[in-house]
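Step one of this worksheet: look at the structure below.
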Amino acid sequence: MKINTKCIQSGYKPKNGEARILPIWQSTTFKYDSSDEMGQLFDLKKSGYFYSRLANPTCDAVAAKIADLEGGVAAMLTSSGQAANLIALFNIVSAGQHIVSSSAIYGGTFNLLGVTMKKMGIDVTFVDPDATEEELDAAFRPETRAVFAESISNPALAVLDFEKFVSVAHKHGVPLVVDNTFPTPINCRPFEFGVDIVTHATTKYMDGHAMTIGGVIVDSGNFDWEAHADKYPGLTTPDFSYHGTTYTKQFGKLAYITKATAQLMRDLGSIQAPQNAFLINIGLETLALRMKRHCENALAVAEYLSKHPKVTWVNYPGLPGNRYYDLAKKYMPNGTCGVVSFGIKGGREAATRFMDALRLAAIVTHVADARTCVLHPASTTHRQLTDKQLEECKTPADLVRFSVGIEDVDDIIADLAQALDRA
Ligand SMILES: *Cc1c(COP(=O)(O)O)cnc(C)c1O
């Protein structure tokens with residue numbers, strides 16, 4: 001099936017006489033006739049549901065749809081995008097080990113890696129995503145266990161050079177984990193370029209309506225853990241918290257997601273609620289339609305802004321002349337995302353006046369949903385920083401992050417025009 005069809009048809013497959021629409025299995029637990037049967041489930045000897053912290057049929061159907069959209073073998077939903085990235089990495093990296101990560105990543109993930117995982121004994125080296133292969137090589141250590149990057153970074157909008165990152169990660173015998181939130185599988189399928197594991201904040205375009213916080217981890221099934229068994233004993237040697245199960249032996253290509261579910265979700269408990277999974281599924285049904293419209297509208301907005309006398313610079317990877325335009329055309333030829341950033345003449349004060357004058361675009365701490373929304377980092381999320389510090393973290397005082405929605409683009413541009421007049 002083509003991806004537009006998968007958005008609608010994948011995942012839930014009702015049998016004869018069953019509900020047409022994915023039911024919400026609003027139950028913490030599942031009933032069995034004998035304790036022996038339930039015991040077999042606990043031992044992972046049989047598959048089935050027993051407690052919704054580990055698995056729930058509504059969540060599983062949505063995970064299966066996302067796995068299919070990405071072209072992976074299995075997926076696991078999490079309570080947030082943050083939980084997805086934590087579990088995706090912690091599943092293969094432990095205390096005393098090391099991660100190489102692109103520095104152009106979401107602020108929350110930057111803190112997760114640089115502060116919180118450090119407290120867990122896991123070290124990180126941040127690398128410039130535009131660094132050469134030799135510079136990337138230099139960041140690796142004998143104890144490196146994963147490479148992390150974003151396909152289109154939030155908010156810098158840097159497009160990942162997949163070929164370069166895949167090549168370096170695999171040369172060092174470790175998987176590449178990519179957060180694919182911004183382009184979504186509609187515009188970019190990282191597994192096709194050799195990426196091993198994909199994560200998403202489903203909170204953004206997948207949900208698409210700003211209804212639910214959520215995340216997902218998808219495994220390509222392609223990384224050969226057994227070939228690097230010395231690096232990944234958690235997957236290739238017996239897990240005594242599961243009666244000596246060896247995930248690679250018992251589950252083959254499903255080893256990584258089975259371990260993440262049976263071990264980490266069991267212990268860390270950051271599961272998606274079935275109600276929310278149901279809502280994400282409704283979002284997924286229109287994902288292909290919405291992404292097309294987001295990209296068309298964002299390109300028109302970027303073109304309009306790039307000609308406006310009050311706009312000093314525009315950053316949109318789909319705009320010809322952008323430094324990532326060629327990479328975007330190579331890896332996401334049908335479009336990138338709906339997020340555009342730009343600078344306003346007059347810096348912080350002008351940007352604030354512009355923000356306050358907007359009528360259609362709403363000021364929110366969010367990106368990537370159906371409604372056009374806008375954020376001025378220097379006066380909100382980054383307001384503690386001086387102008388010099390803002391420059392250093394590539395978020396200058398005049399930067400406006402504009403998340404283009406799926407309204408009529410004429411109305412979005414008219415709103416920009418009147419607000420720029422007042423800036
Ligand atoms: C929002 C976001 C996250 C975090 O997702 P939450 O659901 O807010 O925890 C992670 N990565 C990217 C790229 C994001 O945009």
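The values are calculated or read from the model by the stated rules, or taken from the named source; none is laboratory data. The model shown is predicted, which means the values in this text are computed figures rather than measured ones. SASA here: full protein model, heavy atoms, side chains in, ligands and nucleic acids out. Shrake-Rupley method; radii C 1.70, N 1.55, O 1.52, S 1.80 Å.
Some observations on this one:
- Seen against the Cα atoms of the chain and their longest principal axis, helix 81-90 is set at about 50 degrees.
- Potential extension, H366-T132 segment - 0.36 nm per residue separation minus Cα distance: 81.0 nm
- Exceeding the 27 Å Cα-Cα cut-off - candidates K310/K330; K253/K330; K46/K253: K310/K330; K253/K330
- Within the chain, DSSP assigns beta bridges of which about 60% are antiparallel (rounded to the nearest 5).
- Taking amide H as placed 1.01 Å from N in the peptide plane, E150 has its amide H under 5 Å from the amide H of D179, each at least 5 places away in sequence or on another chain.
- Using θ = phi - 60° and Karplus 6.51 cos²θ - 1.76 cosθ + 1.60, couplings along the stretch 169-174 (whole Hz; Gly, Pro as x): 4, 6, 4, 8, x, 10
- Å² per residue, accessible surface of the stretch 365-423 at 1.4 Å: 45 Å²
- For I271, residues with placed amide H under 5 Å, excluding near neighbours: S79
- Cross-link pairs exceeding 20 Å in C-alpha to C-alpha distance, out of K45/K249; K2/K164; K2/K292, comprise K2/K164.
- Of A201, A131, A361, the one that fluctuates the most in a GNM where the chain has Cα springs shorter than 10 Å: A131
- Listed residues K329, K171, K253, most fluctuating in the chain (Gaussian network, C-alpha, under 10 Å): K171
- CD proxy at 222 nm, helix term only [per DSSP H run n ≥ 4: -39500 (n - 2.57); per residue of the chain; nearest 500]: -9500 deg cm²/dmol
- A cut-off of 5 Å between modelled amide H atoms, ignoring neighbours fewer than 5 places along the same chain, links D161 with no other residue.
- Top of R290, R401, R359 by mean-square fluctuation, Gaussian network on the chain, Cα under 10 Å: R359
- Apolar share of the accessible surface for the chain: 54 percent from carbon plus sulfur atoms, 1.4 Å probe.
- Taking a straight Cα-Cα cut-off under 13 Å and skipping sequence neighbours fewer than 8 places away in the same chain, the aspartates and glutamates within cross-link reach of K13 are D60.
- Under Karplus coefficients 6.51, -1.76 and 1.60, residue-wise ³J(HN,Hα) of the stretch 127-134 in Hz, glycine/proline x: 10, 5, x, 8, 4, 6, 4, 5
- Against the chain, whose longest principal axis is taken from its Cα atoms, helix 409-422 shows a tilt of about 50°.
- Percent of C-alpha pairs per 10 Å bin in the chain, short distances first: 5, 22, 31, 25, 13, 4, 1, 0.
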